[in-house]
Every structure is written in C-alpha cells, then in structure tokens.
Amino acid sequence: MKKAVVYTRVSTDKDDQKQSLEIQRMQYEQYCNSNNYELIKIYADIGTGTHVRNRPDFLQMLHEAGLDYIRGKTNELDTFTKSNRKPKFNYIIVKDQSRLSRNMQQGLMIAEYLRDIGVYIIFENSGVSTIDDDWKMRTSLLFMIAEEESRAMGRRIANSKRYQLQRGVYKPAVVALGYRRKEDKTIEICPKESPIVKLIFDLYVNEGLGGKPITDILNGKGYKTKRGKEFTPAAIHRIVKNKVYCGSPIANRWQSKNVTDTTRVKRDKEEWIELTGAVEPIVSVEMWEQAQKIRENRIAENSKGERHGSKPATDDDYFRKVICGNCGSIYVRHMSRKPSGIKYSYMCQARRKKGTQHCDNRAISVKYLDDYTKQLNIGRQPTKTMGYYRQLHDLLDGLKKQIEQLNSTKDNLKKEIEKLKLENEVITQNLVDFMMKEQNNVVDNLTKKIDDNTNKIKELNKQMQRINLDTIQDLKFHILEKNNLLENKTIVDTQDKLKFVKHFEVYDHQVIVHFNYANFSDEIKEYNELFLHDPISDEFHEDELTQIFRRNHKSAREYWQNYDTELLQWHKDKENLK
C-alpha cells in the first residue's frame with residue numbers, strides 16, 4: 001500500500017479549531033482508504049502565514065520527505081535542497097496549492113525536488129498530481145491562479161483597512177512600545193511600558209540628550225524594547241518620530257511589493273492617513289512637536305551650516321550613477337550652504353569617509369553633470385543592438401507559445417469536463433438498477449463517485465474561468481509599443497537620456513559616460529515571473545559604448561591645454577617627417 005501524509009493548516013489553537021482538525025483527520029482517513037493509501041501522519045500548522053519559516057510542521061514534513069531547509073536572507077525566498085535521506089512516505093495530500101505555498105517559484109521548486117526523490121503531491125480539490133506527465137504545466141497554472149486570488153484578497157483587505165482608517169479606526173499590525181492591544185484589536189496605553197516612552201521624550205526634549213546617551217540610560221536601567229531587546233539609537237529616533245505618542249498615528253504609509261514578499265515600500269505622502277486623536281496620547285502634542293524641532297535642527301545644521309544625517313533625496317537624479325574612476329567607490333551627493341544659495345555636488349564616498357590618503361579624486365558639481373547629460377548624443381543607432389532584437393524575438397516567440405499552451409489547456413479542461421459529465425450519465429443509468437436490487441453498498445459508492453465528479457467539474461469550470469489571457473496580451477502590447485517608440489525616436493529629454501546612462505566614471509581631468517543599451521530586461525523579468533516553468537534567457541552581451549567629456553576646473557584646463565599642445569606638436573612632427 002502506498003504511504004501518504006496529509007498537510008493542513010488551522011487558524012488558531014482554540015478548541016473549535018482542534019475539533020476541525022479532528023474532522024479533517026476523519027475525512028482524510030476515509031479519502032486514503034478509498035484511494036488505497038496508508039495514512040501514516042497528518043501535519044498541521046496553526047495560522048496562515050505565507051512564509052515556510054513560520055510553519056514548523058511543514059518544515060518537519062519536508063525534512064522527513066528528504067529535503068533540507070535553507071533559510072533565505074532578508075526579503076529572499078526560503079529554499080530547499082535534496083538530501084541523501086530516504087523519504088518516509090511517497091505521497092503528500094493537500095487540499096489545494098495554497099496549502100503548499102503561495103509563491104509559484106517556491107511551490108514549483110518544492111514539487112520538483114520532491115518528485116525527483118519519489119515523493120508526489122496530490123492536490124485534492126483539483127485532482128492534479130505531480131505524478132502526472134503534464135504536472136508542471138497544470139501545477140504552474142494552479143499556482144498562477146492562487147497568486148492572483150491572493151492579490152485580489154489583498155486588495156479587498158487593503159480596501160477594508162482603508163475604509164476603517166477613514167472612519168478613524170486604528171488597528172495596527174504592530175503595536176508600538178507603550179501600548180497594548182485590546183480585544184477589538186484597537187490599542188490602549190500599557191501602564192508597564194508607557195513610563196519608558198515618557199522618559200525617552202523627557203530626556204530628549206528637557207535634558208537635551210541624543211540617541212546614544214538615552215540608549216545607555218535605558219539599557220542601564222534594564223528596560224527592554226517591545227521585542228524584549230536592548231535599545232539602540234535608531235530605536236530611540238523611531239520612537240521620537242512616531243506621532244502615535246501624541247495620539248495621532250500616521251497609517252497607510254507602507255505597502256508590500258507583492259503578495260508573497262516581505263519587502264515593503266513607502267507610499268507617497270498623499271496616500272498617508274493621519275488619525276487625529278485616534279488613540280490616547282502618552283505625551284502632549286506640544287512635547288512631540290518640540291521633539292521634532294530638536295530632531296530637525298540636529299539633522300540640518302552644524303557649525304559650517306551644512307546638512308548632515310539626511311537620507312538620499314528622492315529628487316537625486318544621479319543617485320548611484322556616479323562612480324570614482326580612481327578607487328571605484330560611489331560618488332555621493334553633498335550639499336553646502338553658500339551666500340549665493342545651496343550648492344550640490346558629488347564626491348567620492350571613500351575620500352569623504354577616509355580622507356585624501358585613501359583617494360584624492362575631486363568632487364564634481366551637479367551643474368557639470370547636467371551639462372554632460374544635455375550633450376549626450378543618444379539616437380536610435382547607439383542604443384539598439386543585436387542583443388535588443390534577440391530579446392524582442394525571444395519575448396514575442398515565447399508569448400506566442402504560452403498563448404497556444406493556455407488555449408490548449410482550456411481545450412483539455414473542456415474535454416475533461418465532458419468526460420466527467422458522460423461518466424456521471426453512465427453512473428446515473430446504472431444507479432437505478434442497483435437501487436432496485438437494493439445493493440446499498442454499491443449505491444453508496446456510485447453516489448459518492450457522482451458527487452466527486454460533480455465537485456471536479458465545478459473546480460475545472462473555475463479553472464476555465466480563471467484562464468485570463470489579458471495579462472499576456474497587455475505585456476505583448478507594451479513590448480510592441482516600446483519597440484515602436486524606440487524605432488522612431490531620438491532621445492532628447494534629459495530624464496529619458498539618464499535611463500540609458502549606466503554610470504558616470506569620474507576622473508580628475510575627464511568624465512567617461514557609460515551607456516546602457518536599449519533592452520527588454522524588465523519585460524523578460526515580468527515574463528519569467530508569469531511563466532516560471534518555462535523562463536527565457538536574460539543574457540545581454542554587447543561591446544560597451546562610452547562618451548568622454550573634459551572637466552573644466554583649473555587643473556583640468558591646464559592638463560588639456562598641455563595635452564592639446566603636445567598632440568598638435570606630434571602632428572606637426574609627423575608632417576615634417578613626410
């Protein structure tokens with residue numbers, strides 16, 4: 001008999017959920033008996049987290065199946081490798097693909113590794129199994145549908161949260177130090193922690209202390225953060241900036257990049273929602289505002305009137321596009337206040353941190369970078385290459401193939417539906433005869449078979465409805481539109497030019513501009529995210545294209561004057577030799 005395990009999840013560890021787990025156990029025992037499987041274990045995790053690292057039973061199951069777990073770095077997927085251990089079972093039964101993973105890349109990786117070592121996954125609802133020859137295409141489709149459903153659910157949840165926020169209801173995912181969660185998921189002041197917050201603001205505003213001395217005082221008293229760790233200067237600054245402490249939290253500031261990713265990006269300020277008076281304040285509005293003035297002054301001014309400590313500005317057109325030709329370090333933007341106004345320039349980060357003994361390359365004014373950018377000659381010929389056309393061909397050819405495959409999948413689903421309907425008709429005709437003969441066991445089995453077929457038909461119809469070619473057609477339209485634009489346009493706009501600039505390589509006497517060729521790398525990335533089972537190559541190898549500009553400071557002018565004089569003399573000498 002084939003050995004099988006079941007993986008499931010329950011929302012909480014409350015009694016009703018434990019009862020639900022027991023019901024599932026009985027159902028799966030019946031399922032296994034009907035399909036000639038020996039059920040040896042049920043793995044069940046509490047909660048519905050999207051990350052495998054938070055699902056201990058799932059990890060144990062894969063370990064006993066013969067896979068080793070590798071925890072990914074921050075914002076990276078967790079992965080697995082095949083081990084030399086013999087699997088303890090041959091089949092894993094799950095209700096649907098979302099129980100396995102909500103990320104298509106990760107789910108397909110797990111399924112393929114398990115299949116390689118003789119462990120197959122059965123998706124109960126859809127009837128798909130990785131033992132089938134066409135498992136990869138069908139499973140990919142299931143994961144694609146699941147991801148789209150998760151995105152749709154995420155949008156619904158986001159809209160619901162936004163509606164609550166607009167009504168002034170504040171239910172944060174993470175509760176700030178000094179507060180605790182109530183039964184209705186709103187927050188209230190925590191008597192144990194709020195004195196710590198009051199002390200931080202008192203030391204910052206009234207005593208004039210900064211993050212480091214406040215950290216030393218709190219840790220010296222044995223106080224801990226919300227997570228039970230020691231305080232750091234960064235934690236102090238986050239608390240001082242947080243408007244929740246004066247009773248008016250800022251919500252809707254962040255959003256996830258995608259449904260299965262922990263990476264969050266900050267929304268535009270216009271989307272932020274301030275909930276004035278939504279929670280009980282720990283400090284007064286006046287004290288919080290005074291803390292912001294102190295913080296801003298500390299960031300904004302020093303004895304020279306220069307700004308320090310601020311993050312890279314969002315209007316920094318040359319951010320990470322300027323590098324030092326001498327040492328290879330990034331050039332960072334530097335602001336100085338002069339009687340004529342604020343001046344921006346870029347200087348070698350290594351020189352700024354370690355001094356001229358490490359690198360003596362000069363800074364360069366934003367004015368000159370702007371001038372060089374305006375002078376860049378970017379037309380159709382320098383930016384489009386054989387690599388460009390190869391990527392274009394691969395994309396259009398791949399999209400054509402995927403459209404054909406999805407249409408074929410729809411046809412197969414139709415045939416499978418018709419086959420199940422016909423089978424039900426035959427069973428129904430035979431059912432009457434067995435009922436007349438009072439063969440109850442046979443009647444029960446046939447009735448169950450009809451129910452199973454009916455459920456499969458419903459699931460297949462859902463898959464039919466969800467095969468949406470709009471996303472593929474939209475990508476194809478975008479590719480053709482981009483190609484048409486580049487076919488008929490010489491780049492003149494400064495911002496458009498910078499899209500083709502790989503970086504500015506700065507030397508003391510010259511600046512070498514390195515170009516990015518026009519390519520479809522972003523579109524290939526989008527394609528490969530849609531069709532993980534059949535990716536196309538993103539290789540793009542071309543000879544580098546550059547343009548050189550002479551710098552204009554005094555030393556550079558003298559250098560180029562001498563260079564031109566020597567070059568002119570060399571030409572004269574060459575002519576004289578003739």
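Assess whether Ala65 counts as being open to solvent by less than 50 Å² (accessible area, probe 1.4 Å) and within 21 Å of Asn528 (Cα to Cα). First the steps, then the outcome.
Working: open to solvent by less than 50 Å² (accessible area, probe 1.4 Å): yes; within 21 Å of Asn528 (Cα to Cα): no.
So Ala65 fails the test.
Considering only segment 263-305, how many residues are of a type in the set (S, T, N, Q) and at pLDDT 80 or above? Spell out how you get there, then give the answer.
Of segment 263-305, the ones of a type in the set (S, T, N, Q) are 263, 276, 284, 290, 292, 297, 302-303.
Next, from what is left, pick out any that are at pLDDT 80 or above: 276, 284, 290, 292.
Number satisfying all stated conditions: 4.
Could you count how many residues in segment 542-566 are open to solvent by 60 Å² or more (accessible area, probe 1.4 Å) and at pLDDT below 90?
Matching residues across segment 542-566 total 4.
Which helices (runs of 4 or more DSSP H) does segment 377-469 wholly contain that include 2 or more residues that are modelled with pLDDT of 80 or more, open to solvent by less than 80 Å² (accessible area, probe 1.4 Å) and under 28 Å from Asn125 (Cβ atoms)?
Numbers: elements: 380-383, 386-436, 440-466.
It comes to 386-436, 440-466.
For segment 1-19, how many residues meet the condition of being modelled with pLDDT under 85, over 14 Å from Lys95 (Cα atoms), touching a strand residue (DSSP E or B) at 6+ places or on another chain (Cβ under 8 Å) and not aliphatic (A, V, I, L, M)? Break it down stepwise before answering.
Residues of segment 1-19 that are modelled with pLDDT under 85, as a first pass: 1, 9-19.
Still in the list and also over 14 Å from Lys95 (Cα atoms): 1, 11-19.
Within this subset, residues satisfying the condition of being touching a strand residue (DSSP E or B) at 6+ places or on another chain (Cβ under 8 Å) are 1, 11-13, 17-18.
Of the ones still in play, those that are also not aliphatic (A, V, I, L, M) are 11-13, 17-18.
Adding up the residues that qualify gives 5.
Could you check segment 99-116 and list, in sequence order, the residues that are open to solvent by 50 Å² or more (accessible area, probe 1.4 Å) and either under 20 Å from the mean Cα position of the chain (by Cα) or within 11 Å of Leu62 (Cβ to Cβ) (or both)?
Going through segment 99-116, the residues open to solvent by 50 Å² or more (accessible area, probe 1.4 Å) turn out to be 99, 102, 105, 112-113, 115-116.
Within segment 99-116, Arg102, Gln105, Tyr113 qualify.
Could you please give the count of residues in segment 37-61 that are modelled with pLDDT under 90 and over 29 Å from the mean Cα position of the chain (by Cα)?
Number of matching residues: 0.
If you take the residues of segment 171-182 that are within 27 Å of the chain's Cα centre (by Cα) and either under 20 Å from Thr232 (Cβ atoms) or of a type outside the set (Lys, Arg) (or both), which of them is most open to solvent (accessible area, probe 1.4 Å)?
As a first pass, look at segment 171-182 and keep what is within 27 Å of the chain's Cα centre (by Cα): 171-176.
Those still in the list that are either under 20 Å from Thr232 (Cβ atoms) or of a type outside the set (Lys, Arg) (or both) too: 172-176.
Details: Pro172: 15, Ala173: 94, Val174: 111, Val175: 22, Ala176: 24 Å².
Here the residue is Val174.
Among (1) open to solvent by less than 20 Å² (accessible area, probe 1.4 Å); (2) on the phi > 0 side of the Ramachandran plot; (3) not hydroxyl-bearing (Ser, Thr, Tyr), there is one condition Asp78 misses while meeting the rest; what is its number?
All conditions are met except number (2).
Of all residues in segment 86-145, how many are basic (Lys, Arg), touching a residue at least 40 places away in the same chain (Cβ under 8 Å) and out of contact with any strand residue (DSSP E or B) (no Cβ under 9 Å at 6 or more places or on another chain)?
We begin by selecting, within segment 86-145, every residue basic (Lys, Arg); these are 86, 88, 95, 99, 102, 115, 136, 138.
From what is left, the residues that are touching a residue at least 40 places away in the same chain (Cβ under 8 Å) are 88, 95, 99, 102, 136, 138.
Within this subset, residues satisfying the condition of being out of contact with any strand residue (DSSP E or B) (no Cβ under 9 Å at 6 or more places or on another chain) are 102, 136.
Within segment 86-145, residues that are basic (Lys, Arg), touching a residue at least 40 places away in the same chain (Cβ under 8 Å) and out of contact with any strand residue (DSSP E or B) (no Cβ under 9 Å at 6 or more places or on another chain) number 2.
Checking Gln357 against (1) open to solvent by 60 Å² or more (accessible area, probe 1.4 Å); (2) over 20 Å from His514 (Cβ atoms); (3) not in a loop (DSSP other than H, G, I, E, B), which single condition isn't satisfied?
For Gln357, the exception is condition (3).
Regarding Lys185, is this residue open to solvent by 90 Å² or more (accessible area, probe 1.4 Å), over 30 Å from Pro233 (Cβ atoms) and at pLDDT 70 or above?
Numbers: open to solvent by 90 Å² or more (accessible area, probe 1.4 Å): yes; over 30 Å from Pro233 (Cβ atoms): yes; at pLDDT 70 or above: yes.
Yes.
Taking segment 193-212 only, how many residues are open to solvent by less than 50 Å² (accessible area, probe 1.4 Å), more than 13 Å from Gly178 (Cβ to Cβ) and within 37 Å of the chain's Cα centre (by Cα)?
3
Name the single residue that is nearest to His393 (Cα to Cα) among those in segment 495-533 being assigned to a helix (DSSP H, G or I) and modelled with pLDDT under 80.
Our first condition is that a residue be assigned to a helix (DSSP H, G or I); within segment 495-533, this holds for 495-499, 521-530.
Those left that are additionally modelled with pLDDT under 80: 495-497, 499, 521-522, 529-530.
Numbers: Gln495: 28, Asp496: 24, Lys497: 25, Lys499: 22, Ser521: 13, Asp522: 15, Glu529: 18, Leu530: 18 Å.
For segment 495-533, the residue satisfying everything is Ser521.
Within 30 Å of Tyr527 (Cβ to Cβ), in contact with a Ser or Thr (Cβ under 9 Å, 6 or more places away or on another chain) and polar (S, T, N, Q) - does that describe any residue in segment 81-93?
The answer is no; no qualifying residue exists.
Go through segment 73-120 and report how many residues are small (Gly, Ala, Ser) and in contact with a Gly (Cβ under 6 Å, 6 or more places away or on another chain). Show your work before the answer.
Of all residues in segment 73-120, those small (Gly, Ala, Ser) come to 83, 98, 101, 107, 111, 118.
Applying the additional criterion that residues be in contact with a Gly (Cβ under 6 Å, 6 or more places away or on another chain) yields 83, 101.
Going through segment 73-120 one residue at a time, the tally reaches 2.
The values are calculated or read from the model by the stated rules, or taken from the named source; none is laboratory data. Source: prediction; values computed, not measured. Neighbour counts run over all protein chains shown; Cβ positions are idealised from the backbone, glycine included. Keep in mind that these areas ignore ligands, DNA and RNA; they rest on the heavy atoms of the full protein, side chains included. Shrake-Rupley method; radii C 1.70, N 1.55, O 1.52, S 1.80 Å.
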